[in-house]
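To keep things clear, I will list the structure first and then write my remarks on it.
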Amino acid sequence: MEEKILTINNLHVEFLHDGVYQEAVKGVSLDVYRGRTLGIVGESGSGKSVTSLAVMGLLPQPPACRMTGLINMTGKGTSSSDNGKPLRTTMIFQEPMTSLNPVQKCGPQVAEMLLAHEKVSKREARQRVIDLFAEVMLPRPEKIYNSYPHEISGGQKQRVMIAMALICHPDLVIADEPTTALDVTVQKTILELLRTLQKKYNIGIIFITHDLGVIAQIADDVLVMYKGEIVERGTVEQVLYHPTQSYTRGLLACRPPLDCRPLRLPTVKDFLDNPDYQTQHELRPIHTPDPETRPLLRVRDLEVTYALKKNIFGKTLQELKAVDGFSFDVFRGETLGLVGESGCGKSTLGRALLHLVDTSSGTIEYDGHPLDKLDSEGYTQLRRKMQIVFQDPYSSLNPRITIGEAIKEPLQCHRMFDSDSQRRQRVLELMQQVGLSPEWYNRYPHEFSGGQRQRVCIARALILQPELVICDESVSALDVSVQAQVLNLLNDLKEQYGYTYIFITHDLSVVKFFADRIMVMEKGCLVECASSDELFRNPQQPYTQRLLAAIPRL
């Protein structure tokens, strides 16, 4: 009989907001068993993370937060067990960079956990941390022990967090979206690592995510949460392959398929509004431009180099080629996808096209005009034609100005329209087009969800009616349902205004749906370029094959 290590019964959590308590978790009950993984899925705001924070005792104190219900740590490892030790619970947070202390080396941060909870010497703690670093497959464990968080990659930071969670041999690990910001190859490695360590140490895992493809890879049992309540539960096979609730069906349908390119992605709202909703099978054709026409953007032998080390006189001693001899064309009306692992140079390339970072060599031509020959006035005109939507909508918006003023600011900078009232009217029209209520004009960024903030950033980029829009991981951090809405919106705007997109992402299922052609990038170099369907059907390069094999599938 499987051993139950956690029981939650009728959990209610309320937060105080403007003098009124608002319920975030509404009567949640669940069980976690040793050696099994419970997956909790749902959109942002569904109560997933609040439930896990309640288990960890990390919720705010009253009166800011009120909690009722039973959270019971049971089974072997409690104070009544043979060894007399309390059951240990640890948590792996979503963003390792904000969870690790940036001014302290990685190894001592993990050793600190061991020294606080067990009677070991500093030398013994150091050796145990290095051994565990090797176990979680960190390269050069001794070096990483003495490295600061900013000196290692995102996947390596997440492995450090996993080591920190496992150093004291916990009975239960709560993993809160630990792979959301990782590319597919690192994500696959992390999931396999968690499964391996779970079997070795016989631990229970609560795995929180909004990606049902990830749940299919790691979970044994699944809970689906919506607006603070559990709407469906069961084994992975029951929930993913035989869902009974419209909300679950909507979450499953929102994921871009890998075997076709539908005209539109369904959303959760479609299924909630109509429980009998059926996914449409109309396919979207690939845009194939005439190769004889002049490309809108022509890039040849582009290089971007960063100095890693300089001497006291400023001479570069060591450098990194973030973009190494990149050449490609972008034609009017097409969507060109750019994929690759984190650190391969995708975002650097996108910024170099807009001259947000300096290039070392190579040429960029826009509509036949070399950019290196433009004067300041020419660059000002170019800014109207080329815009970018950044990955993080919160950090790319000024928290001190309203969203209406943020969208209007480009019109003021480029002196478009004769009066401020005309600019305001244009902003209100565009807000409606991107699904934002005109009544929200005077609201601030913190008053919106992540998906709504991303719509604000899209509106700000499109307010000048540009010809080329660079989307830099602009849907990577969004829930699958919000992601589907934003992708549909971008396609609608493309059809209406004839935009050309460069779509940068590490999510291969998204780029399969959205892009006409896909470029694959590795370590600053172009590895492969083909149409969306051809690349997925017949990848030529081993690197591309590895990326496609790592996609989490249902």
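The values are calculated or read from the model by the stated rules, or taken from the named source; none is laboratory data. All values derive from a computational prediction rather than experimental measurement. We place every Cβ from the backbone using ideal geometry, glycine too, and count neighbours over all the protein chains shown. What goes into the accessible areas is simple: the full protein's heavy atoms, side chains included, and nothing from ligands, DNA or RNA. Shrake-Rupley method; radii C 1.70, N 1.55, O 1.52, S 1.80 Å.
Observations, loosely collected:
- Test: residue in region 80-101 that is within 30 Å of the chain's Cα centre (by Cα), at pLDDT 90 or above, more than 21 Å from L194 (Cβ to Cβ) and outside any helix (DSSP H, G or I): yes
- Helices (runs of 4 or more DSSP H) wholly inside region 420-506 containing at least 2 residues that are under 20 Å from the mean Cα position of the chain (by Cα) and crowded, with 23+ Cβ neighbours inside 10 Å: 450-462, 480-497
- Every residue from region 154-186 that is of a type in the set (G, A, S) and out of contact with any strand residue (DSSP E or B) (no Cβ under 6 Å at 6 or more places or on another chain): G154, G155, A163, A181
- Hits in region 507-540 - residues which are in contact (Cβ under 8 Å) with a residue 12 or more places away in the chain, outside any strand (DSSP E or B) and among the basic types (K, R): K512, K523
- Counted as qualifying within region 204-252 are the strands (runs of 3 or more DSSP E) with 2 or more residues that are more than 23 Å from G35 (Cβ to Cβ) and within 24 Å of the chain's Cα centre (by Cα), namely 221-226.
- Candidate set from region 535-546 (those that are over 16 Å from F513 (Cα atoms) and either among the small types (G, A, S) or in contact with a helix residue (DSSP H, G or I) (Cβ under 8 Å, 6 or more places away or on another chain) (or both)); member that is least open to solvent (accessible area, probe 1.4 Å): T544
- All positions within region 109-127 that are more than 32 Å from the chain's Cα centre (by Cα) and either open to solvent by less than 70 Å² (accessible area, probe 1.4 Å) or at positive phi (or both): E118, V120, S121, A125
- Under the condition of being part of a strand (DSSP E or B) and touching a Ser or Thr at 6+ places or on another chain (Cβ under 9 Å), the residues counted in region 358-387 number 3.
- The one condition in (1) under 27 Å from F503 (Cα atoms); (2) of a type in the set (A, V, I, L, M, F, W, C); (3) within 28 Å of the chain's Cα centre (by Cα); (4) surrounded by fewer than 19 Cβ atoms within 10 Å (Cβ to Cβ) that C413 fails to fulfil: (3)
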